[in-house]
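Chemist: So that we are looking at the same thing, I have put the structure below in structure tokens.
The values are calculated or read from the model by the stated rules, or taken from the named source; none is laboratory data. Predicted, not measured: the structure shown is a model, and the values here were computed from it. Positions of Cβ are backbone-derived with ideal geometry, glycine not excepted, and every protein chain shown enters the neighbour counts. Ligands, DNA and RNA are stripped out before the accessible areas are found, and what is left, the full protein with its side chains, is counted by its heavy atoms. Shrake-Rupley method; radii C 1.70, N 1.55, O 1.52, S 1.80 Å.
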Amino acid sequence: MSKPYSPASDHDASVASCAAILPPLKHLKRRGMHCIASLTDVLALEQRLVQPQTTRGARDQLSHALKSLTRHPMGWRAQVLVRKTFPDLLANLSRDFPHFSTVIDYINAMAHLARRGDRAFFLPPMLLVGTPGVGKTFFVERLARTLGVPHEEVHMETISASFVLAGGTSSWSESKPGRIFNLLVHGDYANPIMLLDEIDKVSGGKYDPMGPIYGLLEPHTAARFRDEYVDMPIDASHISWVLTANQLENVPWPIRSRAQVFRIPEPSPSQRVAIVKSIYLHLVKTSSWGKGFSRNIDDAAAELLADAGSSSRDLRQAIMLACARAAARNADSLRREDVRSVDTFSSSMNIDLRFAMPMGSA
């Protein structure tokens, strides 16, 4: 992963002084960096700070943005570059998510294409469609973690207005910059993954939350994205957009036409065994209680767990409950007797998994 360029001046330096020490453009590009804001636009932002009509609240927000823009170096961000190990990493991911093989093949092809160019990681917009619990969100999180790409997740069913993503007008006292601006300006990379989860559940309204998305999915308009609060162009064209939905027919046609659509099937019985082993290992590695468990799961126990349901959510619940039962008998590995019904209402242990499950199981 490319490291950000070290700032040569403190955050309070003027834009002019920061511009004076900018490394040569060729040097920045050789380091795999990308310009998200031009010198002219950053200077215009600095001028707005001293205008009398700028409110105190807006001045604080804009000053914070300016400080971020004038670092490592001014207006530039590092990019995650496609490494030679990407195919092997994706092959490992394919073993953990066998029913996502078509998606992984597509990502692998895009990685090979990137290596022909500047090697910057980038995925054209993708729309993953599948039944609830099939593992769409979990897959994207694992993809980002596996490849070392920063990612942001937005649960679209909770978004009621466009200002969450694209900011609200600075004349409103409660307004602030949106998620897109903050991701790029206050983050370290120009090419993160943005996950819009359950986009088919967006509720329409006066301030349509889908409004800014249409332009952001088009590279030529995303390259001059304007957050309504900050009102300066930011290059958001290197963001990799991944959208998920349960029902394709509920996704607006303009979104479908801008994205590569993948239908994620329910995993087969043999695939569920592989998924069980993957989920178990992930839980053991990431949970506070995982240190006390073996990294390997018995094949017989994995096969029994695979029958607990067809979705990743069902399988994760079954594994959690089996681990809880193993912990109750002070064991460090699962046995067949630990794998029973995951009906928490009839279970004698009465474990409410809603408070124990990690996020990202959709």
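Chemist: To the nearest 10 Å², what's LYS26's accessible area with a 1.4 Å probe?
Modeler: The accessible area comes out at roughly 150 Å².
Chemist: Starting from the Cα of ASN330, step 7 Å toward the Cβ, then list every residue of region 261-304 with an amide N under 20 Å from that point.
Modeler: Backbone N within reach: 289-294.
Chemist: How would you rank 29-35, 279-285, 232-238, highest first, on the average number of other Cβ atoms within 10 Å across their residues?
Modeler: Final packing ranking: 232-238, 279-285, 29-35.
Chemist: Quick one: grab the alpha carbon gyration tensor of region 61-142, order the square roots of its eigenvalues as a ≥ b ≥ c, and give me rounded if a/c is under 1.5, else prolate or oblate depending on whether a/b is larger than b/c.
Modeler: oblate
Chemist: On average, how much accessible surface per residue is there in region 223-266, in Å², for a 1.4 Å probe, leaving out ligands, DNA and RNA?
Modeler: Counting only protein heavy atoms, the per-residue value for region 223-266 is 44 Å².
Chemist: Mind grabbing the accessible area of SER294 for me, 1.4 Å probe, Å², rounded to tens?
Modeler: Approximately 40 Å² of SER294 is accessible to the 1.4 Å probe.
Chemist: For HIS27, HIS112, HIS220, write out the residues from largest to smallest accessible area, computed with a 1.4 angstrom probe and no ligands counted.
Modeler: HIS220, HIS112, HIS27
Chemist: Using a 1.4 Å probe, how large is the accessible area of GLU218, given in Å² and rounded to the nearest 10?
Modeler: Its accessible surface works out to 60 Å², give or take rounding.
Chemist: Follow-up question, since we're still on this one. Could you derive backbone 3J(HN,Hα) for region 97-104 from the dihedral phi with the Karplus parameters 6.51, -1.76 and 1.60 (θ = phi - 60°), listing whole Hz in sequence and x where the residue is Gly or Pro?
Modeler: 10, x, 7, 9, 4, 5, 5, 5
Chemist: Lys and Arg at +1, Asp and Glu at -1: add these up for the other residues within a Cβ distance under 10 Å of ASN182 and post the number.
Modeler: Residues close to ASN182 contribute a combined charge of 0.
Chemist: Same structure, new question: Show me, for region 288-299, the HN-Hα J-couplings you get by feeding each phi into the Karplus relation (A = 6.51, B = -1.76, C = 1.60, θ = phi - 60°), rounded to Hz, glycine and proline as x.
Modeler: Per-residue couplings from phi come out as 5, 8, x, 4, x, 10, 5, 6, 10, 10, 4, 4 Hz.
Chemist: Sort GLU249, GLU266 by accessible area with a 1.4 Å probe, largest first.
Modeler: The residues order as GLU249, GLU266, largest area first.
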